[in-house]
Amino acid sequence: MKVLLCVLIHIIMWSGYSFVLYLSHHDHSFYETVLLVMFSYFNLLVSQRLISNKSSALQITVLLTIVYVGGRAFL
């Protein structure tokens, strides 16, 4: 149940990231990359808070980050 809650929070966070990118569409790609790293780190902190196992939290965060970036590449 905690993993599902963590995944839902990640989806909400990545939606927020997409909205921030929409608002800052004139920024350079370097700043978008820095923002991606910041959101990924924040998602990792949220995952570690919800899931006591740090390894599982890292795996979930990396997996969902790859899914998000891969999904953006196809759209």
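The values are calculated or read from the model by the stated rules, or taken from the named source; none is laboratory data. Since the structure is predicted, the reported quantities are computational estimates derived from the model, not experimental observations. FYI the Cβ positions are ideal-geometry reconstructions off the backbone, even for glycines, and counts take in every protein chain you see.
Laid out as a table, the results:
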{"quantity": "Cβ pairs under 9 Å, 6+ apart, first in the range 49-75 and closer than 15 Å to residue 13 by Cβ, second of a type in the set (A, V, I, L, M, F, W, C) and assigned to a loop (DSSP other than H, G, I, E, B)", "calculated": "57/51; 60/51"}
{"quantity": "Complete set of residues in the range 48-67 that are among the small types (Gly, Ala, Ser), exposed (fewer than 12 other Cβ atoms within 10 Å of the Cβ) and assigned to a helix (DSSP H, G or I)", "calculated": "55"}
{"quantity": "Hey, residue 41 modelled with pLDDT of 95 or more, of a type outside the set (A, V, I, L, M, F, W, C) and in a helix (DSSP H, G or I) or not", "calculated": "yes"}
{"quantity": "The lone exception for residue 17 - which of (1) surrounded by 14 or more Cβ atoms within 10 Å (Cβ to Cβ); (2) in contact with an Asp or Glu (Cβ under 9 Å, 6 or more places away or on another chain) it fails", "calculated": "(2)"}
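A quick yes/no check of all residues on (1) surrounded by 15 or more Cβ atoms within 10 Å (Cβ to Cβ); (2) farther than 28 Å from residue 1 by Cβ; (3) more than 13 Å from the chain's Cα centre (by Cα); (4) among the small types (Gly, Ala, Ser):
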| residue | (1), (2), (3), (4) |
| --- | --- |
| 22 | no, yes, yes, no |
| 26 | no, yes, yes, no |
| 46 | yes, no, no, no |
| 69 | no, no, no, no |
| 74 | no, yes, yes, no |
